[in-house]
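Each remark here refers to the structure printed beneath this line.
The values are calculated or read from the model by the stated rules, or taken from the named source; none is laboratory data. Quantities reported herein were computed from a predicted structural model and do not represent experimental measurements. All Cβ positions, glycine included, derive from the backbone under ideal geometry; neighbour counts span all protein chains shown. In case anyone asks, the SASA skips ligands and DNA or RNA and just uses the protein heavy atoms, side chains included. Shrake-Rupley method; radii C 1.70, N 1.55, O 1.52, S 1.80 Å.
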Amino acid sequence: MNEKLNRRRNLLIDTLSIQTSSGKEQDMIAYITDFCKTNVPHATIKVHNNNIYVTKGKSKAYPCIVAHTDTVHDIHKYYKVFEDDGCLFAFNAETGKQVGVGGDDKVGIWIALEMLMSFDKIKCAFFHSEEMGCIGSSQADMKWFKDVGYCLQADRRGNADFVNSISGKLYSKAFKKAIKPILKEYGYKETSGAITDVGQLATNGIGVCVANMSCGYYEPHSDEEIVEFDDSNKCLDMVEMIVSELGCERYEFTFAKRVHSWGNYGSKWGDFKGASRDYWYGDYGTATKEVVYDEKTGEECCYYCGCADLMESQFVHHRFCPDCCSDISLGEDDKEIKDPSQTEMDFYDEQSWNKSFGITKDSVVYKERKLVDYKDISDNYDDSLEHRTIVNEYLKNK
């Protein structure tokens with residue numbers, strides 16, 4: 001491994017080694033601010049309401065990279081990150097078992113720190129409590145974003161997804177045209193995605209193009225989570241090229257969030273009778289297969305969060321994920337079912353409508369959740385990297 005890659009790898013391991021959990025993010029906030037003071041000494045650093053805002057250089061329009069400082073994992077007294085052939089994972093030395101390494105979103109933090117060192121004019125924001133519902137970004141100082149030209153986030157599993165829609169389009173045709181050859185070069189494809197900070201910033205009215213992307217972590221929100229350095233580094237290289245090509249230009253875009261009224265509907269997570277509920281869902285013209293199947297149970301589950309409590313959706317070839325608050329695609333042709341009181345529907349459309357809202361007595365609105373029973377390989381770890389094989393086999397079905 002050459003000097004540049006070795007330095008990147010070591011910084012990624014250092015970042016993954018900082019433990020953080022929603023509401024217990026003080027160590028990560030301190031790590032980021034200390035790193036910036038040491039390695040980006042001319043940058044301006046502001047910490048406000050547990051969000052970190054870093055500005056480097058002077059520009060009329062800045063490229064901006066964002067990440068979140070929390071993970072879903074517990075804090076362990078004896079926690080250590082290991083590396084084997086580019087695969088990064090963590091163990092609890094006290095129990096001898098594998099634990100989540102927190103690639104979601106420590107990899108995003110690492111990419112932001114690398115970008116701060118690479119570019120003379122750039123902004124980076126680090127938000128707290130994203131895993132609790134984008135709390136930090138919902139409370140973001142939007143005045144700080146007034147001179148941002150576009151905003152990127154690396155907060156998605158895998159190595160090839162570039163998210164162009166979260167409850168509505170995230171960027172313009174001009175931005176799409178500018179990045180298209182770069183995505184092709186790095187093997188990324190546009191797709192819809194679930195809620196994260198850039199989606200919240202769009203909702204806040206940031207007024208410019210934003211996007212999220214895969215950054216090399218796998219099995220997020222589980223003890224089997226790993227990070228593949230090569231995939232993470234590929235994402236970093238792509239982000240660097242996007243910023244190099246787009247520079248300090250401003251790509252304006254007005255986000256229009258889609259809203260759906262639930263009407264008289266109750267569920268395990270609340271009774272919304274007579275109320276309107278905003279929810280996140282993908283762009284149905286470009287959605288890929290987002291409903292996957294667990295290898296052992298055979299149950300449908302969400303590609304993004306692993307939730308197995310998928311519900312009927314008002315959209316044909318979709319399921320509704322209550323954890324993501326999103327309609328996710330089965331990977332077939334999409335078709336929206338209109339309100340039957342306003343639109344003529346055939347027999348099958350009407351049955352789908354009724355079923356999705358629990359009107360028919362035999363409709364199954366909520367399925368019993370069965371947790372994925374992943375094989376624990378931590379007590380018999382060797383060079384075979386069996387856990388990586390499990391992940392790869394799982395991803396082949398995406």
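For this structure, a couple of remarks:
- Qualifying residue in the stretch 143-162 (condition: within 16 Å of Glu224 (Cβ to Cβ) and small (Gly, Ala, Ser)): yes
- Test: residue in the stretch 174-185 that is open to solvent by 10 Å² or more (accessible area, probe 1.4 Å), touching a residue at least 60 places away in the same chain (Cβ under 8 Å) and within 19 Å of the chain's Cα centre (by Cα): no
- In the stretch 121-147, the residues that are part of a helix (DSSP H, G or I), open to solvent by less than 40 Å² (accessible area, probe 1.4 Å) and over 18 Å from Glu249 (Cβ atoms): Glu130, Gly136, Ser137, Trp144
- Residue check, Glu83 in contact (Cβ under 8 Å) with a residue 40 or more places away in the chain, open to solvent by 10 Å² or more (accessible area, probe 1.4 Å) and under 18 Å from Gly23 (Cα atoms): no
- Counted residues, the stretch 33-81 - those being over 21 Å from Asn212 (Cα atoms), in a strand (DSSP E or B) and not polar (S, T, N, Q): 8
- Restricting the stretch 100-119 to residues that are open to solvent by 10 Å² or more (accessible area, probe 1.4 Å) and either hydrophobic (A, V, I, L, M, F, W, C) or part of a loop (DSSP other than H, G, I, E, B) (or both), the residue that is nearest to Glu83 (Cα to Cα) is Met117.
- Asp70 satisfies every condition listed in (1) at pLDDT 95 or above; (2) charged (D, E, K, R); (3) open to solvent by 10 Å² or more (accessible area, probe 1.4 Å) except (3).
- Qualifying residue in the stretch 283-293 (condition: of a type outside the set (Gly, Ala, Ser), more than 18 Å from Ile166 (Cα to Cα) and either touching a helix residue (DSSP H, G or I) at 6+ places or on another chain (Cβ under 9 Å) or at pLDDT 80 or above (or both)): yes
- Unmet requirement for Ser165, which otherwise passes all of (1) out of contact with any Phe, Trp or Tyr (no Cβ under 6 Å at 6 or more places or on another chain); (2) buried (at least 22 other Cβ atoms within 10 Å of the Cβ); (3) modelled with pLDDT of 95 or more: (3)
- Taken over the stretch 23-57, the residue count meeting the criterion of being of a type in the set (Ser, Thr, Tyr) and open to solvent by less than 30 Å² (accessible area, probe 1.4 Å) is 3.
- Condition broken by Gly274, with the remaining ones in (1) open to solvent by less than 50 Å² (accessible area, probe 1.4 Å); (2) modelled with pLDDT under 50; (3) farther than 24 Å from Cys307 by Cα satisfied: (1)
- In the stretch 86-99, the residue that is most open to solvent (accessible area, probe 1.4 Å) out of those that are hydrophobic (A, V, I, L, M, F, W, C) and either within 20 Å of Gln200 (Cβ to Cβ) or modelled with pLDDT of 95 or more (or both) is Phe91.
- Taken as a whole, the condition of being touching a residue at least 60 places away in the same chain (Cβ under 8 Å) and part of a strand (DSSP E or B) applies to Tyr150.
- Condition met for Ala194 (within 19 Å of the chain's Cα centre (by Cα), within 19 Å of Ala160 (Cβ to Cβ), aliphatic (A, V, I, L, M) and at pLDDT below 95): yes
- Residue in the stretch 153-160 that is open to solvent by less than 10 Å² (accessible area, probe 1.4 Å), assigned to a helix (DSSP H, G or I) and farther than 18 Å from Val291 by Cα present: no
- Residues of the stretch 124-134 satisfying the condition of being touching a helix residue (DSSP H, G or I) at 6+ places or on another chain (Cβ under 9 Å) and aliphatic (A, V, I, L, M): Ala125
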